[in-house]
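*Asks:* Let me begin by handing over the structure; questions about it come next.
The values are calculated or read from the model by the stated rules, or taken from the named source; none is laboratory data. All figures in this text were calculated on a predicted structure; none of them were measured in a lab. Note: ideal-geometry Cβ built from the backbone for every residue, glycine included; neighbour counts use all protein chains shown. These accessible areas exclude ligands, DNA and RNA; they are computed on the full protein's heavy atoms, side chains included. Shrake-Rupley method; radii C 1.70, N 1.55, O 1.52, S 1.80 Å.
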Amino acid sequence: MASVETVFLSGDQWLKNWLFSWGMPESWVFLCTVVVYAVAVLLFVFANVIFLVYLERKVAGYMQQRLGPNRVGPGGIFQCVADALKLLGKEDIIPASADRGLFRLASLLIFIPATMLFVVIPFGREMIVADLNVGLLYFIAVGSTATIAVLMGGWSANNKYSLLGSMRAVAQMISYEIPLAFSLLGVIMLAGSLRMSEIVAAQKDLWFVVLQPVAFITYFIAATAELNRGPFDLPEGEQEIIAGPFVEYSGMRYALFFLAEYANLVSVSALAVTLFFGGWQGPWLPSWLWFVIKVYFMIFLFMWVKWTFPRIRVDHLMGLAWKFLLPVSLVNVFVTGTAIKLFQAMGW
Amino acid sequence: MSGVYGEGLLKGLGITIRHFFGKAITEQYPERRPKLAPRFHGLLSLDPTKCTACGTCANFCPNGVIRIKSERDEQKRRHLTGYEVNLLYCLFCGLCVEACPEGALRFTPHFELATYRRAGAIYDLYALSREAAGERRAAGG
């Protein structure tokens with residue numbers, strides 16, 4: 001079991017030793033391992049996204065009492081491969097009136113923060129690319145830059161629907177950023193750190209979802225809105241504005257937006273697991289497997305919610321963020337702070 | 001209004017999770033054949049031994065789907081030589097079946113009638129029935 005637990009860490013160590021044996025200077029070895037880490041993270045993201053597209057359609061099917069994709073391969077497992085090939089083979093159309101540079105840039109830019117988020121996620125015991133001392137801050141800061149790419153995509157397409165969609169996306173993502181950040185504050189106060197590894201270590205005996213249920217629910221709602229997923233999928237609102245910012249994108253550029261969306265789903269679920277469900281900690285199984293299991297549990301929760309609730313109205317959406325989630329998360333921060341001080345005063 | 005705030009949301013989640021673990025209600029068509037009603041309107045079939053080539057069915061057809069070919073023998077009796085049904089125009093309304101005085105025309109449950117060419121949708125029921133009869137004879141000995 002111990003070897004399964006450390007399979008990735010020993011691989012990393014082996015790679016470093018191998019590079020050193022070539023007589024490479026330390027800075028070069030460091031550079032090489034960074035490249036390997038980046039490739040590993042990208043592989044993790046791509047593999048998950050490809051599986052998630054299939055999973056989403058399967059979950060949606062089962063929740064609507066049908067089977068979902070079942071034609072390509074056993075149980076439709078190769079559906080995502082067929083979809084990916086189709087998207088790769090499609091023509092890359094750029095509208096005549098579009099701002100060509102911005103249009104191209106937006107589709108690339110959306111993917112960068114989506115993958116950058118995985119840098120601070122602890123995938124297992126000591127399996128974290130960069131254990132920043134401001135890990136959580138980094139996550140929120142980088143995550144919120146995705147808004148710019150969405151706005152760029154919507155604006156440069158020069159299409160009223162994509163502009164409407166991206167305006168909605170920006171309004172929604174900025175509004176929900178605030179309750180999201182405040183809901184995490186309770187966890188930070190309990191853990192006493194922004195460092196991801198310390199937050200995980202602080203949940204050794206008790207998961208924070210038990211101590212911070214309100215924060216978890218607030219985080220869950222705000223994260224759903226951040227992801228632009230149903231019931232908060234107004235920016236995409238198929239029935240009114242077709243696909244929002246992605247209207248004019250086709251082929252691989254559209255696939256990049258899709259990829260980023262599912263990569264964000266994984267990263268937001270991973271953050272929820274790290275902050276509320278004890279991260280990679282768990283008995284018997286190797287830590288990275290525990291992490292994946294918990295992340296997929298969170299992803300299932302997101303999908304369950306998406307395929308249950310209808311889309312809410314735009315003013316209700318804003319009302320929910322500013323009049324409900326923000327006060328609730330502020331009260332949660334206040335109560336948590338008071339409780340911590342009380343327990344300290346009582347000498348616990 | 002009864003119950004706690006958010007009760008409806010939980011109720012909805014309960015319904016979807018029950019469906020998730022329940023059975024699919026959709027028909028898995030190519031693997032499982034549909035159960036058709038006995039009087040399902042599929043492809044027409046003709047019994048040429050009963051047909052007198054009177055042409056009542058062709059007259060009743062609202063779309064002119066049916067074309068009958070016949071010839072007269074020495075006693076001036078009419079004999080069927082061809083019975084073409086152009087399914088491109090057929091409504092499957094069943095007026096021809098109702099109109100037939102001899103009960104020679106009826107519906108079969110055969111419904112997979114898609115073809116690659118327009119000509120494929122034109123069926124000669126007379127030839128088909130003779131083929132079927134020939135096969136039966138061959139199978140019988």
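*Asks:* When only residues in the range B:28-47 that are under 25 Å from residue B:89 (Cα atoms) and either open to solvent by 40 Å² or more (accessible area, probe 1.4 Å) or of a type in the set (Phe, Trp, Tyr) (or both) count, which is nearest to the other protein chains (Cβ to nearest Cβ)?
*Replies:* B:36
*Asks:* Would you check which residues across the range B:113-131 are free of Cβ contacts under 8 Å to residues at least 40 places away in the same chain, open to solvent by less than 40 Å² (accessible area, probe 1.4 Å) and hydrophobic (A, V, I, L, M, F, W, C) and list them? Write out each step before concluding.
*Replies:* So the first thing to find is which residues in the range B:113-131 are free of Cβ contacts under 8 Å to residues at least 40 places away in the same chain, and the list is B:114-122, B:131.
Okay, now just the ones that are also open to solvent by less than 40 Å² (accessible area, probe 1.4 Å), so B:120-121.
Passing the criteria: only B:121.
*Asks:* Another question about this same structure. Could you list, ordered by first residue, the pairs with Cβ atoms under 6 Å in which the first is in the range A:210-222 and touching a residue at least 12 places away in the same chain (Cβ under 8 Å) and the second is part of a helix (DSSP H, G or I) and among the hydroxyl-bearing types (Ser, Thr, Tyr), at least 6 apart or interchain?
*Replies:* So the pair list comes out as A:215/A:183; A:218/A:183; A:218/A:329; A:219/A:183; A:222/A:176.
*Asks:* Can you find a residue that is within 14 Å of chain A (Cβ to nearest Cβ), out of contact with any strand residue (DSSP E or B) (no Cβ under 9 Å at 6 or more places or on another chain) and hydroxyl-bearing (Ser, Thr, Tyr) anywhere in the range B:11-27?
*Replies:* First pass over the range B:11-27, keeping only residues within 14 Å of chain A (Cβ to nearest Cβ): B:11-27.
Adding the requirement that they be out of contact with any strand residue (DSSP E or B) (no Cβ under 9 Å at 6 or more places or on another chain) leaves B:11-27.
Subset that is hydroxyl-bearing (Ser, Thr, Tyr): B:16, B:26.
Yes - at least one qualifying residue is present in the range B:11-27.
*Asks:* A further question on this structure: Please work out if residue B:81 is touching a Lys or Arg at 6+ places or on another chain (Cβ under 8 Å) and more than 14 Å from every other protein chain (Cβ to nearest Cβ).
*Replies:* Values: touching a Lys or Arg at 6+ places or on another chain (Cβ under 8 Å): yes; more than 14 Å from every other protein chain (Cβ to nearest Cβ): yes.
It is true that residue B:81 is touching a Lys or Arg at 6+ places or on another chain (Cβ under 8 Å) and more than 14 Å from every other protein chain (Cβ to nearest Cβ).
*Asks:* Same structure again: If I filter the range A:37-52 down to residues being under 19 Å from residue A:258 (Cα atoms) and open to solvent by 30 Å² or more (accessible area, probe 1.4 Å), which single residue comes out as farthest from the other protein chains (Cβ to nearest Cβ)?
*Replies:* So the first thing to find is which residues in the range A:37-52 are under 19 Å from residue A:258 (Cα atoms), and the list is A:41-52.
Next, only the ones that are open to solvent by 30 Å² or more (accessible area, probe 1.4 Å) stay: A:42-44, A:46-47, A:50-51.
On the way: A:42: 32, A:43: 30, A:44: 27, A:46: 27, A:47: 24, A:50: 22, A:51: 18 Å.
Of everything passing the filter in the range A:37-52, A:42 is farthest from the other protein chains (Cβ to nearest Cβ).
*Asks:* Residues being within 14 Å of chain B (Cβ to nearest Cβ), surrounded by 16 or more Cβ atoms within 10 Å (Cβ to Cβ) and among the polar types (S, T, N, Q): count how many of those fall in the range A:65-101.
*Replies:* So the count comes out to 1.
*Asks:* Among A:275, A:325, A:301, which is in a helix (DSSP H, G or I), closer than 18 Å to residue A:208 by Cα and within 14 Å of chain B (Cβ to nearest Cβ)?
*Replies:* Values: A:275 fails: within 14 Å of chain B (Cβ to nearest Cβ); A:325 fails: closer than 18 Å to residue A:208 by Cα.
When all the criteria are applied, what remains is A:301.
*Asks:* Moving to a separate point now. Residue B:66: within 30 Å of residue A:76 (Cβ to Cβ) and either among the β-branched types (Val, Ile, Thr) or open to solvent by 100 Å² or more (accessible area, probe 1.4 Å) (or both), yes or no? Can you show your working first?
*Replies:* On the way: within 30 Å of residue A:76 (Cβ to Cβ): no; either among the β-branched types (Val, Ile, Thr) or open to solvent by 100 Å² or more (accessible area, probe 1.4 Å) (or both): yes.
No; evaluated as a whole, the condition is false for this residue.
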